[in-house]
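Throughout, read-outs are computed from the coordinates displayed, never taken from laboratory work. These figures come from a predicted structure and were not determined experimentally. Positions of Cβ are generated from backbone atoms using ideal geometry, with glycine treated the same way; all protein chains shown enter the neighbour counts.
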Amino acid sequence: MTATYTGRANAVPRVGARLISGRILTVTRTFLAVAARVGALWVVATLTGRRAAFPRAAAAAAAVRLHRAGPTFVKLAQLLSTRLDLLPAELCKAFSRLYDDVPAIPSKTAERLITARMGAPLKTIFSSLDLKAVASGSIACVYRATLIDGTEVAIKLRRPGVQEIIAADLRLIALGTAMAARLPMMRGLPAVAAVQQMSHAIAGQLDFTTEAASLVRLSAALKEVGEITVPLPHPEFADLERTANGVLVMEYLPGLTRMSPADIGEQASVHAVEAALSAIYKILFLDGLVHCDLHPGNLYLMPDGSARILDAGFVVELPESARRAFTEFFFRMGTGNGKRCAEIVLSTALNPQGLDAAAFTAEMVALVDSVTGIRAGDFDLLKFAGSLFDMQRRHDLHADPQFIFPLLGILVFEGAINDYHPEVDFQELAMPYLVRALFTRA
């Protein structure tokens, strides 16, 4: 049997007033704790004359306490880590290091959930099932099993109650953002639109039906790249009913051990990084797909020079207009055409009244010129993005939210592979895919 997957609009359920009240208390306590800690740090920094160190310490403290607020805020912080157009750089840097690190579902609970969601006694489906999770995140845990026919599979199991918690949190975040947007200091910021987009992305990670479809699309799109493996949903046991219930059975990929560059070897590291980057560019520029979550837990570089990409819970499909605009921006940046880069940004961003387009264009030309022709190892994508967003802030421009996801995908990837191939040439490897996307689409 072959399953066909489509997204589900009801991945996040409605929640009752009692749960929302409980989450209000949790969130309020968290933000009061953040305020108290940051206030204490400010006092200490003032008394000791170390105010320069305050932003970094305050950002780190905020990140730690957001982790305690639950899965919604972990995911929100990860998304906000790329919003250099909205948040200070130190806060973005602290949030970028915030990844899921939570205890696994208790074994007995996991066994009960898998049985219920698979809809049959486990002994009729599996010859073995290891209830010690091989991965544990804030939304789901992953287990290893063997089917009756001997096929090894991975079972992704959604945590009990996580849908309701995230639904309640997203309602509170939307309400809080709407209220904050009325404050004078927030006027002009696309806070409501940005939070709506991020909330949609967080909710999407609960939807295993969409994730199964994304795995299939990624695998098909990456066949031409080679040396990239994406686990496919099992054709019989990853049917729509089971994915809708929060269990996804997929191909098990052995050997997923995080290895250092020394373990892999220099040549294999370079080859695997360039294969993975080519994969990102292929799906982004040609297929309009962005894998936004390629942190070290979802990207494995192998000693044979191949790479494995996991977890398609945060894969975004760009509208055609956004795909083409981002593609052309990247192309013009690589060819040193700062004037055209400025035109693209101005055509997609939210432009304020009284914008000095000529001044903005002149600054963009200077920024693009500063990275044109430099050595690959000297090109810092995060620094470039920070400068770009700082420039937009000064001109009261706000990036099109559709531009954020491609940037998120590339920046998260860069953080995952920096130690393996620091000299990787992001612009040179992109060029074949940019040319195809803009001039041939073949």
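If you take the C-alpha gyration tensor of segment 261-442, multiply each eigenvalue by 5 and take the square root, what semi-axes do you get, largest first, in whole Å?
Details: eigenvalues 171, 61, 45 Å².
Calculated on Cα positions only, the semi-axes equal 29, 18, 15 Å.
Highest mean first, what order results for 46-59, 362-375 on Cβ atoms within 10 Å? Spell out each step's value before the answer.
Values: 46-59: 13.3, 362-375: 15.1.
Output ranking for 46-59, 362-375: 362-375, 46-59.
Can you grab the distance from the C-alpha centre of segment 97-152 to the C-alpha centre of segment 193-227, Å, no decimals?
Result: 21 Å between the Cα centres.
What is the dipole size for segment 207-329, taken about its Cα centre, with +1 at each Lys and Arg Cβ and -1 at each Asp and Glu Cβ, in debye to the nearest 20?
The dipole of segment 207-329 has a size of about 140 debye.
Counting only DSSP beta bridges with both residues in the chain, tell me the antiparallel percent, nearest 5. Working shown, then result.
Working: 26 of 28 bridges.
Restricted to the chain, the bridges split so that about 95 percent are antiparallel.
Restricting to Cα pairs below 8 Å that are 6+ residues apart, what does the relative contact order work out to for the chain? Please round to a whole percent. Walk me through the numbers before you get to the answer.
Details: 653 pairs, mean separation 69.8, N = 442.
That works out to 16 percent.
What distance in nm separates the two pseudo spin-label positions at Ser260 and Gln353, each 7 Å out from Cα along the beta-carbon direction?
6.0
Subtracting the Cα-Cα distance from 0.36 nm times the residue separation, let me have the gained length for Thr115 to Ala35 in nm, one decimal. Before the final figure, lay out the partial values.
On the way: separation 80, 0.36 × 80 = 28.80 nm, distance 4.38 nm.
Additional length available on full extension: 24.4 nm.
Testing the spin-label approximation: label points 7 Å from Cα along Cα→Cβ at Asp304 and Thr440. State their distance in nm.
Here the answer is 2.9 nm between the modelled labels.
Where the only charges are on Cβ atoms (+1 Lys, Arg; -1 Asp, Glu), what is the dipole of segment 261-442 about its Cα centre, to the nearest 20 debye?
Details: 13 positive and 24 negative charges, 119 e Å.
Dipole magnitude for segment 261-442 comes out near 580 debye.
How would you rank 301-310, 222-231, 208-217, highest first, on the average number of other Cβ atoms within 10 Å across their residues?
Values: 301-310: 20.0, 222-231: 17.5, 208-217: 23.4.
In decreasing order of mean packing, 301-310, 222-231, 208-217 become 208-217, 301-310, 222-231.
Relative contact order of segment 261-442: what whole-number percent is it, with Cα pairs under 8 angstrom and at least 6 residues apart? Spell out each step's value before the answer.
Values: 228 pairs, mean separation 59.5, N = 182.
Result for segment 261-442 is 33 percent.
State the extension gain, in nm to one decimal, for the chain segment bounded by Asp380 and Thr46, taking 0.36 nm per residue of separation less the distance between their alpha-carbons.
116.9 nm
With helices defined as uninterrupted DSSP H runs, which ones in the chain have an alpha carbon span along their own long axis of at least 27 Å and mean Kyte-Doolittle hydropathy of at least -1.0?
Numbers: long enough: 17-48 (46 Å, 1.21).
Membrane-span-like by this rule: 17-48.
Report the extension gain between Phe54 and Leu232 in nm, rounded to one decimal, defined as 0.36 nm multiplied by the number of residues separating them, less their alpha carbon distance. Display every interim value, and only then the final one.
Details: separation 178, 0.36 × 178 = 64.08 nm, distance 4.64 nm.
Taking 0.36 nm per residue and subtracting the Cα distance, the gain is 59.4 nm.
Treating cross-link reach as a plain straight distance, find the lysines whose alpha-carbon is under 16 Å from the alpha-carbon of Lys383, omitting any fewer than eight places away in the same chain.
Here the lysines satisfying the reach criterion relative to Lys383 are Lys93.
Once you treat every alpha carbon in the chain as an equal point and sum by Debye, what is log10 I(q)/I(0) at q = 0.06, 0.07, 0.13, 0.14 Å⁻¹?
Evaluating at q = 0.06, 0.07, 0.13, 0.14 Å⁻¹ gives log10 I(q)/I(0) of -0.27, -0.37, -1.30, -1.47.
Report the Cα centroid-to-centroid distance between segment 244-260 and segment 366-419 in angstrom, as an integer.
Segment 244-260 and segment 366-419 have Cα centres spaced 31 Å from each other.
What residue among Leu19, Leu284, Leu76 shows peak mean-square fluctuation when the chain is described by a Gaussian network model with Cα springs under 10 Å?
Looking only at Leu19, Leu284, Leu76, the biggest GNM fluctuation is shown by Leu19.
Can you tell which of Ala221, Thr210, Leu91 lies farthest toward the positive end of the dipole of the chain, using +1 and -1 charges on the Cβ of basic and acidic side chains (Lys, Arg; Asp, Glu)?
Result: Leu91.
Taking the alpha carbon gyration tensor of segment 228-272, what are the square roots of 5 times its eigenvalues, largest first, to the nearest whole Å? Write out the running numbers ahead of the final one.
Values: eigenvalues 223, 20, 11 Å².
In descending order the semi-axes read 33, 10, 8 Å.
Which is farthest toward the positive dipole end of the chain among Met118, Met250, Ile280, measuring Cα position about the Cα centre, with Cβ charges +1 (Lys, Arg) and -1 (Asp, Glu)?
So the residue furthest toward the plus end is Met118.
By what distance, in whole Å, do the Cα atoms of segment 370-442 stretch along each of the three principal axes, largest value first?
If we take the Cα atoms of segment 370-442, the spans are 34, 33, 24 Å.
Which Cα, out of Leu429, Leu301, Leu382, lies furthest along the positive dipole direction of segment 261-442 (beta carbon charges, K/R +1, D/E -1)?
Leu429
Quick one: net charge of Ile166's neighbours, Cβ under 11 Å, K/R +1, D/E -1? Provide the component values of the computation, followed by the final result.
Values: positive: Arg23, Lys75, Arg158, Arg159, Arg171; negative: Glu164, Asp169.
Overall, the nearby charge balance is +3.
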